[in-house]
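A.B. asks: Dumping the structure here so I can ask a few things about it.
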Amino acid sequence: MRIDKFLKVSRLIKRRTIANEACDAGRVMINGKVVKASAEVKVGDVIEIALGNANVKAEVTAIMDTTKKENASEMFRYL
(Lines give C-alpha, C1' and ligand atoms only; values in the text may rest on other atoms or scores of the structure.)
Protein backbone atom coordinates (compact mmCIF):
# COMPACT_ATOMS: atom_id res chain seq x y z
CA MET A 1 0.00 0.00 0.00
CA ARG A 2 1.18 3.53 -0.74
CA ILE A 3 2.42 5.50 2.25
CA ASP A 4 0.04 8.42 1.68
CA LYS A 5 -2.96 6.08 1.65
CA PHE A 6 -1.69 4.20 4.72
CA LEU A 7 -1.33 7.44 6.69
CA LYS A 8 -4.90 8.40 5.83
CA VAL A 9 -6.49 4.98 6.47
CA SER A 10 -4.63 4.54 9.77
CA ARG A 11 -5.59 8.12 10.69
CA LEU A 12 -2.03 9.15 11.52
CA ILE A 13 -2.78 12.06 9.16
CA LYS A 14 -6.36 13.21 8.67
CA ARG A 15 -6.47 13.71 4.89
CA ARG A 16 -4.64 12.04 2.02
CA THR A 17 -3.78 15.36 0.38
CA ILE A 18 -2.03 16.50 3.56
CA ALA A 19 -0.20 13.15 3.71
CA ASN A 20 0.83 13.62 0.07
CA GLU A 21 2.11 17.15 0.74
CA ALA A 22 4.05 15.98 3.82
CA CYS A 23 5.77 13.32 1.70
CA ASP A 24 6.60 15.82 -1.04
CA ALA A 25 8.11 18.17 1.57
CA GLY A 26 10.40 15.40 2.85
CA ARG A 27 8.73 15.13 6.26
CA VAL A 28 7.94 11.39 6.04
CA MET A 29 10.54 8.65 6.45
CA ILE A 30 10.28 4.88 6.27
CA ASN A 31 13.05 3.00 8.09
CA GLY A 32 15.13 6.20 8.26
CA LYS A 33 14.85 7.01 4.54
CA VAL A 34 12.92 10.02 3.17
CA VAL A 35 10.23 8.75 0.80
CA LYS A 36 7.76 10.02 -1.80
CA ALA A 37 4.01 9.55 -1.50
CA SER A 38 4.10 6.56 -3.86
CA ALA A 39 6.51 4.53 -1.66
CA GLU A 40 5.21 1.13 -0.62
CA VAL A 41 4.78 0.39 3.08
CA LYS A 42 4.69 -3.13 4.54
CA VAL A 43 4.22 -4.72 7.96
CA GLY A 44 7.22 -4.12 10.20
CA ASP A 45 8.27 -0.80 8.64
CA VAL A 46 8.98 2.13 10.98
CA ILE A 47 7.39 5.40 9.87
CA GLU A 48 8.60 8.79 11.13
CA ILE A 49 6.53 11.92 10.50
CA ALA A 50 7.68 15.46 11.27
CA LEU A 51 4.67 17.77 11.55
CA GLY A 52 5.35 21.17 13.04
CA ASN A 53 7.08 20.74 16.40
CA ALA A 54 5.87 17.16 16.82
CA ASN A 55 7.69 14.07 15.60
CA VAL A 56 5.66 10.88 15.40
CA LYS A 57 7.33 7.48 15.19
CA ALA A 58 5.20 4.37 14.61
CA GLU A 59 5.65 0.77 13.51
CA VAL A 60 3.26 -0.75 10.95
CA THR A 61 1.47 -3.76 12.47
CA ALA A 62 -1.24 -4.37 9.86
CA ILE A 63 -2.30 -3.16 6.44
CA MET A 64 -6.00 -2.78 5.60
CA ASP A 65 -7.55 -1.04 2.60
CA THR A 66 -10.36 0.39 4.70
CA THR A 67 -11.11 0.39 8.40
CA LYS A 68 -13.48 1.89 10.91
CA LYS A 69 -12.32 4.73 13.13
CA GLU A 70 -12.30 2.48 16.21
CA ASN A 71 -10.03 -0.12 14.54
CA ALA A 72 -7.58 2.31 12.89
CA SER A 73 -5.19 2.23 15.85
CA GLU A 74 -4.64 -1.52 15.28
CA MET A 75 -2.73 -0.71 12.08
CA PHE A 76 0.27 0.75 13.95
CA ARG A 77 1.89 1.10 17.33
CA TYR A 78 3.69 4.16 18.62
CA LEU A 79 7.41 3.87 19.37
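The values are calculated or read from the model by the stated rules, or taken from the named source; none is laboratory data. Predicted model only: the values in this text are computed from it and were never measured. For neighbour counting, all protein chains shown are included, and Cβ atoms are generated from backbone atoms with ideal geometry for every residue, glycine included. The area values use the complete protein model at the heavy-atom level, side chains included, leaving out ligands, DNA and RNA. Shrake-Rupley method; radii C 1.70, N 1.55, O 1.52, S 1.80 Å.
A.B. asks: Within region 34-79, track down each residue that is among the hydroxyl-bearing types (S, T, Y) and either open to solvent by 60 Å² or more (accessible area, probe 1.4 Å) or free of Cβ contacts under 8 Å to residues at least 24 places away in the same chain (or both).
C.D. replies: S38, T61, T66, S73, Y78
A.B. asks: Do we have A19 as within 12 Å of the chain's Cα centre (by Cα), part of a loop (DSSP other than H, G, I, E, B) and among the small types (G, A, S) here?
C.D. replies: Here the answer is no, as A19 does not meet what is asked.
A.B. asks: Residues in region 35-59 that are more than 11 Å from the chain's Cα centre (by Cα), closer than 14 Å to S10 by Cβ and assigned to a strand (DSSP E or B): how many?
C.D. replies: Summing the residues that are more than 11 Å from the chain's Cα centre (by Cα), closer than 14 Å to S10 by Cβ and assigned to a strand (DSSP E or B) in region 35-59 gives 0.
A.B. asks: Which one of these is over 20 Å from R77 (Cβ atoms) and among the acidic types (D, E): D45, D24?
C.D. replies: Answer to the check: D24.
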